[in-house]
1. Which of (1) at pLDDT below 90; (2) surrounded by fewer than 10 Cβ atoms within 10 Å (Cβ to Cβ) does residue 58 not meet, given it meets every other one?
2. Against the definition (assigned to a strand (DSSP E or B), at pLDDT 90 or above and in contact with an Asp or Glu (Cβ under 9 Å, 6 or more places away or on another chain)), how does residue 105 come out, yes or no?
3. Go through the stretch 29-86 residue by residue and tally those that are more than 18 Å from residue 122 (Cβ to Cβ) and part of a loop (DSSP other than H, G, I, E, B).
4. Considering the stretch 19-55 alone, what residues qualify as being of a type in the set (Asp, Glu), at pLDDT below 90 and closer than 17 Å to residue 106 by Cβ?
5. Filter the stretch 110-133 down to residues that are touching a helix residue (DSSP H, G or I) at 6+ places or on another chain (Cβ under 8 Å) and either modelled with pLDDT under 85 or not in a strand (DSSP E or B) (or both), then give me how many there are.
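The values are calculated or read from the model by the stated rules, or taken from the named source; none is laboratory data. These numbers were taken from a predicted model, which means no experiment stands behind them. All Cβ positions, even for glycine, are placed from backbone atoms using ideal geometry, and neighbour counts span all protein chains on display.
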Amino acid sequence: MKRIKIILTIGLFLTCFAVEAQEKEKALDGVWELKKSTRGDGEIINIPMGFFKIFDSNGNFSNMRLNQKGAFLSHKGTYEVTGTDKYVETVEIQAGSGIDKKQTSLHYTLSEDNCTLTLTGDVLLNEGNHRHKLYEVWEKVSIYEER
């Protein structure tokens with residue numbers, strides 16, 4: 001009987017963890033606008049309007065920048081939430097940033113209202129020859145239908 005209680009407790013814990021991870025992953029879904037980031041020297045700077053990250057419900061992400069010519073896709077790949085504050089981006093396409101095309105494990109924090117996303121971690125650049133201390137603050141973009 002004691003063994004059954006232990007197994008049920010472990011099962012309940014794992015189920016709760018899986019549900020929480022799914023809810024967190026869904027919280028990332030949508031369009032986010034970059035507001036702050038670190039430069040190469042570590043200084044935190046405000047970002048002008050026009051840099052976006054898009055997470056879809058199928059585990060894909062893309063980063064794009066809007067300019068006078070249109071939209072420039074800088075990164076594209078897949079992502080997976082791997083813990084309550086961690087996710088992995090696998091970059092499949094990158095244009096000119098030097099980000100290595102492999103998995104990058106990042107820490108994330110969502111504000112209570114799920115409208116601010118903070119990303120931190122080490123990003124490898126130039127085939128692992130340079131390590132960038134990432135700090136980014138993103139705000140969720142409200143999507144609405146015009147009537």
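1. All conditions pass for residue 58, except number (1).
2. Against the criterion (assigned to a strand (DSSP E or B), at pLDDT 90 or above and in contact with an Asp or Glu (Cβ under 9 Å, 6 or more places away or on another chain)), residue 105 does not qualify.
3. 12
4. Selection gives 25 alone.
5. Looking only at that region, the number is 1.
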